[in-house]
């Protein structure tokens, strides 16, 4: 259980430019808050996006655009059936980065990983085997590994056998993503970026 005051930040950048930063925070014992910010052209500041979101905020590839979600969009995923953090698993925090991942970002100094969170005593339970051998998706080809990682990160939170949402039957949860990590106290560091 994440304590009141916990905050998660997620940043989206395309072609070397910041486009969006999302914020998810535990506002009370029973409620989470949501906000999305759009970065200005000069990259100096970001502004709160209107409640309905913003379509076509940035072109990712020719003809494909990134949409910044509105609060209703956030709630549709994070509050079905009850408030939760999505995609925050051992796999997303693994120091073993996939160089072929669609939104891969090389590990940089200061980024949070399982090892740094354990070192700071921010997660429980401590799984020593994950520190000795960071979680990874084993696959026959680099492309298969990248595809399975994308599905696990973007779809596996809902598409899994234990999901209580009616009608969601396809399972994309991967065993390497097992064990949602929880932290015992406030002051949680920013979630790592670029893993979804």
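For the stretch 18-35, the count of residues that are surrounded by fewer than 16 Cβ atoms within 10 Å (Cβ to Cβ) and over 30 Å from residue 162 (Cα atoms) is zero. The number of residues in the stretch 60-92 being free of Cβ contacts under 8 Å to residues at least 12 places away in the same chain and farther than 30 Å from residue 118 by Cα comes to 6. For first residues located in the stretch 139-154 and assigned by TED's automatic domain parsing to the domain that holds residue 171, partners that are in a helix (DSSP H, G or I) and surrounded by 13 or more Cβ atoms within 10 Å (Cβ to Cβ) and lie 6+ apart or on another chain with Cβ distances below 8 Å form the pairs 139/145; 139/148; 152/176; 152/177; 153/177. Take the conditions more than 15 Å from the chain's Cα centre (by Cα), over 24 Å from residue 24 (Cα atoms) and assigned to a helix (DSSP H, G or I) and apply them to residue 136. Does it pass? Spelling it out, it is not the case that residue 136 is more than 15 Å from the chain's Cα centre (by Cα), over 24 Å from residue 24 (Cα atoms) and assigned to a helix (DSSP H, G or I).
Limited to the stretch 36-58, what total is found for residues that are assigned to a strand (DSSP E or B) and surrounded by 13 or more Cβ atoms within 10 Å (Cβ to Cβ)? The qualifying residues number 8. Considering only residues in the stretch 98-127 that are farther than 30 Å from residue 27 by Cβ and crowded, with 17+ Cβ neighbours inside 10 Å, the one that is modelled with the highest pLDDT turns out to be 98. Scanning the stretch 36-59 for residues that are under 19 Å from the mean Cα position of the chain (by Cα) and in contact (Cβ under 8 Å) with a residue 24 or more places away in the chain, we see that the one that is farthest from residue 92 (Cα to Cα) is 38. Taking residue 95, is it over 26 Å from residue 140 (Cβ atoms), without any contact (Cβ under 8 Å) to a residue 60 or more places away in the chain and assigned to a loop (DSSP other than H, G, I, E, B)? Criteria not met by residue 95.
The values are calculated or read from the model by the stated rules, or taken from the named source; none is laboratory data. Values in this document were obtained by computation on a predicted structure and should not be read as measured data. Because the Cβ atoms are built from the backbone with ideal geometry, glycine has one as well, and the counts that use them run over all protein chains shown.
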